[in-house]
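The values are calculated or read from the model by the stated rules, or taken from the named source; none is laboratory data. Model, not experiment: these values are computed from the prediction. Heads up, the Cβs are rebuilt from the backbone with ideal geometry, glycines too, and the neighbour counts pull from every protein chain shown.
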Amino acid sequence: MSERIFRKILVANRGEIAVRVIRACREMGIVSVAVFSEADRAARHVRLADEAWPIGPPRAADSYLRIDRVIDAARASGADAVHPGYGFLAENAGFARACEEAGLVFIGPRSQTIALVGEKTSARRLAVAAGLPVVPGTLEPLVDDAAIRREAERIGFPLMLKAAAGGGGKGLRLVASAAELVSAAGRARSEARSAFGDDRVYVEKALVRPRHVEIQVMADHHGNVVHLFERECSIQRRHQKVVEETPSPLLTPDLRARMGMLAVALVRKSGYVNAGTLEFLMDESREPYFLEMNTRLQVEHPVTELVTGVDLVKLQIGIAQGEPLPFAQADLVQRGHAIECRVYAEDPDAGFLPCPGRILALRVPGGPGIRDDSGVEEGDEVPSYYDPLVSKLVAWGEDRASAIARMRRAVREYKVLGIKTTLPFFERVLRHPDFLAGRIDTSFVERLGREKQAEEERPWAVAAAAAAIGALARRRAARTTPGAGPAPSAWRREGRREAMGGRG
Ligand code: MV4
């Protein structure tokens with residue numbers, strides 16, 4: 001692979017990730033080209049880019065997902081390369097191939113690799129061949145109910161039915177017993193058919209309350225492969241991550257090294273290049289199982305950037321230009337701790353209902369250890385057509401406790417008027433005893449919701465308990481610190497903040 005220098009990159013995305021890529025281009029002296037739908041004429045990514053090309057009506061299917069229109073814009077603008085961001089066409093092998101055929105460098109893996117790894121059973125076969133542990137299950141897609149029944153009997157219950165073409169929870173079904181199998185299989189297959197145009201499914205033994213840990217990898221065109229450690233992603237809601245962090249409170253140095261080596265082994269086996277992420281599930285005994293591989297830059301990449309000091313987007317561009325990785329595995333260390341909160345335009349008090357609209361006022365936190373990757377500014381409209389992610393708030397600290405303290409401080413500094421956001425939800429997460437202790441699994445958000453509901457249904461009991469604790473604390477303070485009046489306890493400070501309604 002010979003090296004070439006990109007003069008111009010088209011960013012085939014919108015929102016905060018388009019802004020992120022445009023920033024990397026600017027730092028590298030590369031001209032950036034934005035594309036935009038009619039709903040995004042005045043969007044921040046359009047304002048920040050050097051050039052912008054329209055690609056169609058507001059609906060993503062008519063604009064950001066239109067391979068032909070994005071390729072036309074890339075050609076017309078004279079771009080050398082295309083960065084797909086995440087979502088939209090980022091893991092579409094057909095789009096990567098269209099770029100290759102148009103003489104544009106797709107900043108990501110080769111189209112054949114995307115196809116190979118994107119089909120979940122072929123990724124599982126690849127993982128087995130590379131020596132990775134996978135959840136017991138089938139290694140080939142199942143095409144009819146008889147095959148599903150046969151495999152289910154072999155594997156046992158509870159089991160998961162998954163779409164072979166899938167990912168992101170679509171076509172996913174937990175099946176507790178044989179009695180539910182046939183109807184669950186029917187639903188999984190029709191869901192898979194409408195989401196992916198492919199109704200093949202496969203079967204895996206279900207892990208109970210698993211943890212989700214992923215490993216970031218990077219590979220160049222010269223056979224160099226590294227991993228950039230893990231991200232803990234167990235805090236999810238309906239297959240949507242909401243809080244991510246690194247290092248994972250769960251991993252030991254040995255386990256981290258082992259998972260890193262497994263990830264590198266799969267990358268080598270598949271001839272993978274550029275950035276990728278291997279998802280692992282871990283059971284209660286902390287045994288990791290390879291789940292699937294994402295062939296793109298992930299939303300949560302900033303936490304890895306903050307603890308490794310590596311700019312993953314610049315690295316992606318460098319690799320696509322044919323440059324060798326500028327460091328070896330032994331040069332990489334994790335320094336400190338980073339946490340990301342995804343700020344969505346959603347109402348956490350209304351079941352996370354999307355809340356598009358105009359941002360009337362915005363105060364973005366800053367200061368030591370805080371990074372805000374945002375797709376919007378004050379006065380901007382959050383359109384209803386796309387993912388409602390408005391920003392990613394990321395905090396770095398020397399250790400987990402300092403990162404959490406900084407994040408709490410930053411969440412309270414953050415003010416968004418005009419739309420509801422998930423910021424108040426993070427205040428609850430960041431003070432929850434299970435989160436503080438690192439006791440997080442994939443049922444954490446659900447548990448938090450149940451606890452909040454229980455609290456609201458017992459206002460009298462809670463108030464009585466708080467009053468009793470307050471009285472006790474005041475008596476103690478009066479006894480143990482002679483002369484000092486009743487100290488305002490942490491309980492009372494929290495209580496007062498809640499009484500004032502939290503944020504505006
Ligand atoms: C599983 C599982 C339990 N057992 N597979 C959900 C999304 C997809 N990437 C994989 N998912 C799961 N696969 C087996 N064999 C549980 C989940 C799962 C989950 C995984 C990670 C984070 C949150 C989750 C929420 C529900 C189910």
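Of all residues in the stretch 176-192 being hydrophobic (A, V, I, L, M, F, W, C) and over 29 Å from the mean Cα position of the chain (by Cα), which is farthest from Pro158 (Cα to Cα)?
Let us first name the residues in the stretch 176-192 that are hydrophobic (A, V, I, L, M, F, W, C), namely 176, 178-179, 181-182, 184-185, 188, 192.
Going one step further and asking which of them are over 29 Å from the mean Cα position of the chain (by Cα), we end up with 178-179, 181-182.
Details: Ala178: 9, Ala179: 11, Leu181: 10, Val182: 14 Å.
Out of the qualifying residues, it is Val182.
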For the stretch 1-59, which residues satisfy the criterion of being buried (at least 20 other Cβ atoms within 10 Å of the Cβ) and of a type in the set (Lys, Arg)?
Arg14, Arg20, Arg44
Taking the stretch 273-289 and keeping residues away from the ligand (no atom under 11 Å from the Cβ) and out of contact with any Gly (no Cβ under 6 Å at 6 or more places or on another chain) leaves Val273, Ala275, Gly276, Thr277, Leu278, Glu284, Ser285, Arg286, Glu287, Pro288
Quick one: how many residues across the stretch 206-241 are away from the ligand (no atom under 14 Å from the Cβ) and not charged (D, E, K, R)?
14
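Of the residues Arg258, Arg286, only one is assigned by TED's automatic domain parsing to the domain that holds Gln334, under 26 Å from Val208 (Cβ atoms), assigned to a loop (DSSP other than H, G, I, E, B) and not small (Gly, Ala, Ser); which?
Values: Arg258 fails: assigned to a loop (DSSP other than H, G, I, E, B).
Just a single option satisfies the conditions, and that option is Arg286.
Being in a strand (DSSP E or B), in contact (Cβ under 8 Å) with a residue 40 or more places away in the chain and outside the structural domain of Asn274 (by TED's automatic domain parsing) is the requirement here; does Met218 meet it? Reasoning before the result, please.
Numbers: in a strand (DSSP E or B): yes; in contact (Cβ under 8 Å) with a residue 40 or more places away in the chain: yes; outside the structural domain of Asn274 (by TED's automatic domain parsing): no.
Criteria not met by Met218.
Yes or no: the stretch 142-158 includes at least one residue that is out of contact with any helix residue (DSSP H, G or I) (no Cβ under 9 Å at 6 or more places or on another chain), of a type outside the set (D, E, K, R) and closer than 22 Å to Leu116 by Cα. Please lay out each step first, then the result.
The initial filter retains those residues of the stretch 142-158 that are out of contact with any helix residue (DSSP H, G or I) (no Cβ under 9 Å at 6 or more places or on another chain), namely 143-144, 146-147, 150-151, 154-156, 158.
When the remaining residues are screened for being of a type outside the set (D, E, K, R), the result is 143, 146-147, 155-156, 158.
Cutting the leftovers down to closer than 22 Å to Leu116 by Cα gives us 143.
Looking for residues that are out of contact with any helix residue (DSSP H, G or I) (no Cβ under 9 Å at 6 or more places or on another chain), of a type outside the set (D, E, K, R) and closer than 22 Å to Leu116 by Cα, one finds at least one in the stretch 142-158, hence yes.
Any residue that is of a type in the set (S, T, N, Q), assigned to a strand (DSSP E or B) and touching a strand residue (DSSP E or B) at 6+ places or on another chain (Cβ under 8 Å) - is there at least one of those in the stretch 395-407? Step through it out loud before you land on a result.
Narrowing the stretch 395-407 to residues of a type in the set (S, T, N, Q): 402.
Cutting the leftovers down to assigned to a strand (DSSP E or B) gives us none.
Scanning the stretch 395-407 turns up no residue that is of a type in the set (S, T, N, Q), assigned to a strand (DSSP E or B) and touching a strand residue (DSSP E or B) at 6+ places or on another chain (Cβ under 8 Å).
Inspect all residues belonging to the stretch 291-311 and state whether any of them is more than 16 Å from the ligand (Cβ to nearest atom) and acidic (Asp, Glu). I'd like the intermediate steps shown before the answer.
Taking the stretch 291-311 as the starting set, the residues that turn out to be more than 16 Å from the ligand (Cβ to nearest atom) are 297, 301-311.
If we keep only those that are acidic (Asp, Glu) as well, we get 305, 311.
Scanning the stretch 291-311, I find at least one residue that is more than 16 Å from the ligand (Cβ to nearest atom) and acidic (Asp, Glu), so the answer is yes.
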Please go through (1) more than 10 Å from the ligand (Cβ to nearest atom); (2) touching a Phe, Trp or Tyr at 6+ places or on another chain (Cβ under 8 Å); (3) within 29 Å of Cys341 (Cα to Cα) for Ala195 and return the number of the only condition it doesn't satisfy.
(2)
Considering only residues that are at pLDDT below 70 and within 20 Å of Asp349 (Cβ to Cβ), look in the stretch 454-483 and name the one that is surrounded by the fewest Cβ atoms within 10 Å (Cβ to Cβ).
Pro459
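Considering each residue of the stretch 171-184, count those that are among the small types (Gly, Ala, Ser), within 16 Å of the ligand (Cβ to nearest atom) and modelled with pLDDT of 90 or more, and give that number. Lay out the reasoning, then the answer.
The first filter runs over the stretch 171-184 and keeps only residues among the small types (Gly, Ala, Ser), leaving 171, 176-179, 183-184.
From what's left, within 16 Å of the ligand (Cβ to nearest atom): 171, 176-177, 184.
From what is left, the residues that are modelled with pLDDT of 90 or more are 176-177, 184.
Total satisfying the criteria: 3.
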What single numbered condition from (1) in contact with a Pro (Cβ under 7 Å, 6 or more places away or on another chain); (2) modelled with pLDDT under 95 fails to hold for Phe425?
(2)
Output the number of the condition that Arg110 fails; it satisfies all remaining conditions of (1) surrounded by 22 or more Cβ atoms within 10 Å (Cβ to Cβ); (2) more than 21 Å from His212 (Cβ to Cβ); (3) modelled with pLDDT of 95 or more.
(1)
Wholly within the stretch 149-206, strands (runs of 3 or more DSSP E) carrying at least 2 residues that are crowded, with 22+ Cβ neighbours inside 10 Å and of a type in the set (Lys, Arg)
none
Of all residues in the stretch 319-349, count the ones that are assigned to a helix (DSSP H, G or I), touching a residue at least 24 places away in the same chain (Cβ under 8 Å) and farther than 13 Å from Phe229 by Cβ.
4
Which members of the stretch 293-312 meet the condition of being touching a helix residue (DSSP H, G or I) at 6+ places or on another chain (Cβ under 8 Å) and either under 20 Å from Phe327 (Cβ atoms) or surrounded by fewer than 21 Cβ atoms within 10 Å (Cβ to Cβ) (or both)?
Leu297, His301, Thr304, Glu305, Val310, Asp311, Leu312
